[in-house]
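The values are calculated or read from the model by the stated rules, or taken from the named source; none is laboratory data. Keep in mind that what you see is a predicted model, and the values were worked out from it rather than measured. Note that each Cβ is placed from the backbone with ideal geometry, even for glycine, and that neighbours are counted across all protein chains shown. In case anyone asks, the SASA skips ligands and DNA or RNA and just uses the protein heavy atoms, side chains included. Shrake-Rupley method; radii C 1.70, N 1.55, O 1.52, S 1.80 Å.
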Amino acid sequence: MPGSLAKGDGMRCEQTSKGTGCTTVGVCGKTPETAVLQDLLTYSLKGLGCWAAFAAEQGCEVPQAVYTLLNAATFATLTNVNFDDQRFKEYICAAHALREELERRLRDKGSEASPPTPANLPWFDLLAHPAAWKLSQGYLATASIDQLTQLGKMTSLEHRRHIMDPTLMGLHEMITYGLRGLAAYSHHAEVLGHHDPEVDRFMARCYAFLCSEAALDLGATLAMVDEVGAVGVKGMRLLDQGHTTKFGHPEPTQVRITPKRGKAILISGHDLQDTADLLAQTEGTGVNVWTHGELLPAHGYPALKKRYPHLAGNYGGAWYRQQREFAEFPGPVLMTTNCISEPRSSYADRMFTTGEVGWAGVTHIEGKPGQAKDFSSLIKMAQELPGFEYEPPESEAKFVTTGFARNAVLGVAGEVVKAVQQGHLKHIFLIGGCDGAEPTRKYFGKVADATPQDTMVLTLGCGKFRFYDHEFGTLPGTPLPRLLDMGQCNDAYSAVVVAGALADALGTDINGLPLSLDLSWLEQKAVIILLSLLHLGVRNIRIGPKLPAFLTPGALQVIVDKWNLQLTDVKHPEQDVAAMLAGH
Ligand code: SF4
């Protein structure tokens, strides 16, 4: 694996404009100002993390509000989540208010101690160490976005990449992006009423690590990379519990992908609770709810599909097609989470955001965990707009199947094991992840199409849209479908459980299975999935079409040496299939 392939030097994500960091408006639409506000928020969250971890060590109770903010605000800094500068100011204010609260609590307990603030960390050269640096609420009340942007520049990645060892910086970025994905899962789980104190405390401890002398050490940093992966598995499990306890275990379900006459709302993102609330509030209104992107798997959950017949179908594909698809949809659109693209003027006035996602000028529907949001304005708009005025004859309607999460697959595990033992099933490919607009991503569809008939394809994430409606048929000699949609990107947990169960049944470990992972990389959120898989010891994972931009050559080499991470051969998908069949 040639280290020279990683030519990125501290870029944030795969969409970074011209590969130079967020210094110009990115492909995602993020302005440099928003990018540095995110950096300033991350600096503030590091300070809050230091104080929370220190308070916990001192036996001082850390209010849940601290962890709730750490999760929500960290999630908001992920690629393609929030582009609203004002919201970042609000998160920064909240982080400093909670930091003050923790200091007050410690002092009330009679402790004069404060978190360590080592002076020898080169990446904190322009502002005081995050645990020592604070912005008063008085200053924040009047600070303009421009003033905060100037402060943010002092914490930016663009600045740090000139002063840090590139390998260490690449690994620190990897930890930071891993935390962001973990925060997304913890935040979604919290909305569903689930939280894991251990995972919450880790968020604070990991931010504190990035502010400690230990973070100067490559070995300690690599150990933290692994720990982020270990906690990532817990985060995915937590969210899985949240989804399955509330909505049941997904079941194989046929989902309509052609229009059906009637008033319509489109819901996109990943949030099943918002989907459930919208379905409850549209019941009896004559408005159908259509899913988009990563909400396609919502159709497999019994508490949604059985309870709400007006969950009509799925419209459109992966997130990057939303500008065209939202423009053509004949009703309002609700974006519940990432990945949001810059709204076009043709639909911005019928677009709504909620949760941590945001775009300046787009109507935001507020909500608090545990309380149903009020979607009445959205529903009223749907009733005023035309909706679908045409539907094809039923004989021409098209459907895809979703709902093959862990329970459904383990329900047929005996047949899968038998198929392996009898030679009907030679190999399993896991092809999926985060889709993007580049033509080279057609590779993933070509790989899926090139898989032999005596193999199965598991998929998850919006990478599935490259091939979800292709005809794969069933595994010869068995009733098993060859293509199994396991769900959203976070349903990688289902894939891990299934792989573990198959390995047990076949008396091997995960690397001894006839299983290959070929993952489409785009989002920072995907880092937590990659780190979780690496923590579980999965080797030979292919990622592409390009390598993560934060992987500096040195950081890449470390990962290649340890896990044999490989880059997809986008020009030769058939050769990749052959290599995977051969166990490489
Ligand atoms: S799978 Fe990845 S790229 Fe697709 S919507 Fe989810 S986070 Fe975004």
Original post:
Which condition number does Tyr390 fail, the rest of (1) more than 16 Å from the ligand (Cβ to nearest atom); (2) part of a helix (DSSP H, G or I); (3) open to solvent by 60 Å² or more (accessible area, probe 1.4 Å) being met?
Top reply: (2)
**OP:** Name every residue in segment 89-133 that is assigned to a loop (DSSP other than H, G, I, E, B) and under 19 Å from Thr74 (Cβ atoms), in order of residue number.
**Re:** Pro115, Pro130, Ala131, Trp133
Original post:
In segment 114-127, what residues are under 25 Å from Pro32 (Cα atoms) and open to solvent by 50 Å² or more (accessible area, probe 1.4 Å)?
Top reply: Pro122, Asp125, Leu126
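Among the residues that make up segment 270-278, is at least one of them hydrophobic (A, V, I, L, M, F, W, C), within 16 Å of the ligand (Cβ to nearest atom) and crowded, with 18+ Cβ neighbours inside 10 Å? It would help to see each step written out before you state the result.
From segment 270-278, those hydrophobic (A, V, I, L, M, F, W, C) are 272, 276, 278; that's our starting set.
Applying the additional criterion that residues be within 16 Å of the ligand (Cβ to nearest atom) yields 272.
Imposing the further condition that a residue be crowded, with 18+ Cβ neighbours inside 10 Å reduces the set to 272.
Yes: one or more hits.
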**OP:** Please give the number of the condition Thr285 fails out of (1) within 15 Å of the ligand (Cβ to nearest atom); (2) open to solvent by 30 Å² or more (accessible area, probe 1.4 Å); (3) of a type in the set (Val, Ile, Thr).
**Re:** (1)
Subject >> Flag for Gly367 being touching a residue at least 12 places away in the same chain (Cβ under 8 Å) and in contact with a Ser or Thr (Cβ under 7 Å, 6 or more places away or on another chain) >> reply: yes
Original post:
Looking at (1) away from the ligand (no atom under 16 Å from the Cβ); (2) open to solvent by less than 10 Å² (accessible area, probe 1.4 Å); (3) in contact with a Pro (Cβ under 8 Å, 6 or more places away or on another chain), which is the one condition that is false for Phe326?
Top reply: (1)
Original post:
Of the conditions (1) more than 22 Å from Gly317 (Cβ to Cβ); (2) in a loop (DSSP other than H, G, I, E, B), Gly414 fails just one. Which one is it?
Top reply: (2)
**OP:** Tell me which residues, restricted to segment 52-91, are more than 16 Å from the ligand (Cβ to nearest atom), at pLDDT 95 or above and under 18 Å from Glu33 (Cα atoms).
**Re:** Ala73, Lys89, Glu90, Tyr91
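Could you pull out the residue among Leu78, Leu69 that is open to solvent by 10 Å² or more (accessible area, probe 1.4 Å), at negative phi and among the aliphatic types (A, V, I, L, M)?
One residue alone meets the criteria, Leu69.
Using the structure shown, decide if Thr459 is at pLDDT below 90, buried (at least 16 other Cβ atoms within 10 Å of the Cβ) and under 17 Å from Pro252 (Cα atoms). It would help to see each step written out before you state the result.
On the way: at pLDDT below 90: no; buried (at least 16 other Cβ atoms within 10 Å of the Cβ): yes; under 17 Å from Pro252 (Cα atoms): yes.
Here the answer is no, as Thr459 does not meet what is asked.
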Subject >> Within segment 493-548, considering residues that are open to solvent by 20 Å² or more (accessible area, probe 1.4 Å) and without any contact (Cβ under 8 Å) to a residue 12 or more places away in the chain, the one farthest from the ligand (Cβ to nearest atom) >> reply: Gly507
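Go through segment 181-203 and report how many residues are part of a helix (DSSP H, G or I) and open to solvent by 10 Å² or more (accessible area, probe 1.4 Å).
The number of residues fulfilling the criteria is 7.
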**OP:** Report, by residue number, each residue of segment 424-442 that is open to solvent by 10 Å² or more (accessible area, probe 1.4 Å), assigned to a loop (DSSP other than H, G, I, E, B) and over 13 Å from Gly544 (Cβ atoms).
**Re:** His424, Lys426, Ala437
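Give the residues of segment 243-282 that are of a type in the set (D, E, K, R) and touching a His at 6+ places or on another chain (Cβ under 7 Å), sorted by residue number. It would help to see each step written out before you state the result.
Step one: filter segment 243-282 for residues of a type in the set (D, E, K, R), giving 246, 251, 256, 260-261, 263, 271, 274, 277.
Within segment 243-282, just Asp271 meets the criteria.
What number of residues within segment 554-572 are assigned to a helix (DSSP H, G or I) and open to solvent by 30 Å² or more (accessible area, probe 1.4 Å)? Give the derivation first.
So the first thing to find is which residues in segment 554-572 are assigned to a helix (DSSP H, G or I), and the list is 554-563.
Those still in the list that are open to solvent by 30 Å² or more (accessible area, probe 1.4 Å) too: 557-558, 561-562.
Qualifying residue count, segment 554-572: 4.
Output the residues belonging to segment 443-475 that are part of a strand (DSSP E or B) and either touching a Phe, Trp or Tyr at 6+ places or on another chain (Cβ under 8 Å) or within 12 Å of the ligand (Cβ to nearest atom) (or both). Steps first, please.
Applying the first criterion (part of a strand (DSSP E or B)) to segment 443-475 yields 455-460, 474.
Thr455, Met456, Val457, Leu458, Thr459, Leu460, listed by residue number.
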